[in-house]
1. Filtering segment 28-61 down to residues that are open to solvent by less than 60 Å² (accessible area, probe 1.4 Å) and either in a helix (DSSP H, G or I) or among the charged types (D, E, K, R) (or both), which residue is farthest from Gly12 (Cα to Cα)?
2. When both residues are 6+ apart or on different chains and their Cβ atoms are under 9 Å apart, which pairs have a first residue that lies in segment 1-15 and is on the phi > 0 side of the Ramachandran plot and open to solvent by less than 40 Å² (accessible area, probe 1.4 Å), and a second that is in a loop (DSSP other than H, G, I, E, B) and of a type in the set (Ser, Thr, Tyr)?
3. Could you list all residues from segment 17-41 that are within 13 Å of the chain's Cα centre (by Cα) and under 19 Å from Lys4 (Cβ atoms)?
4. Which one of Val47, Val6 is β-branched (Val, Ile, Thr) and out of contact with any strand residue (DSSP E or B) (no Cβ under 7 Å at 6 or more places or on another chain)?
5. Take segment 5-27 and flag every residue that is part of a loop (DSSP other than H, G, I, E, B) and in contact with a Ser or Thr (Cβ under 8 Å, 6 or more places away or on another chain).
Amino acid sequence: MYNKVVCPSCRGNGYIRTSWEAEDHIDQCKTCSSEGEISKFRLKAFVRLENIKSKREEQDWALAAAMPED
């Protein structure tokens, strides 16, 4: 049984293209160590981490919305 899946961060490319202040940068993918694929176990951990991050962002937005404006 094949235990690898395409990396969700780089979508199998092994690198991630980022833009910052009108400059394009190409960085090596840290999720898959530039291999383009990760194990199913690591994918589950990645998905859990992304869910935690999104929940934290939602909480931050809710806190900001609840703060009184000056």
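The values are calculated or read from the model by the stated rules, or taken from the named source; none is laboratory data. These figures come from a predicted structure and were not determined experimentally. Positions of Cβ are backbone-derived with ideal geometry, glycine not excepted, and every protein chain shown enters the neighbour counts. Calculation scope for accessible area: heavy atoms of the full protein, side chains included, ligands and nucleic acids excluded. Shrake-Rupley method; radii C 1.70, N 1.55, O 1.52, S 1.80 Å.
1. Ser54
2. Gly14/Ser33; Gly14/Ser34
3. Cys29, Lys30, Thr31, Cys32
4. Details: Val6 fails: out of contact with any strand residue (DSSP E or B) (no Cβ under 7 Å at 6 or more places or on another chain).
Being β-branched (Val, Ile, Thr) and out of contact with any strand residue (DSSP E or B) (no Cβ under 7 Å at 6 or more places or on another chain) holds for just one of Val47, Val6, which is Val47.
5. First pass over segment 5-27, keeping only residues part of a loop (DSSP other than H, G, I, E, B): 7-14, 21-22.
Once the filter is applied, which keeps residues that are part of a loop (DSSP other than H, G, I, E, B) and in contact with a Ser or Thr (Cβ under 8 Å, 6 or more places away or on another chain), segment 5-27 yields Cys7, Pro8, Ser9, Cys10, Gly14.
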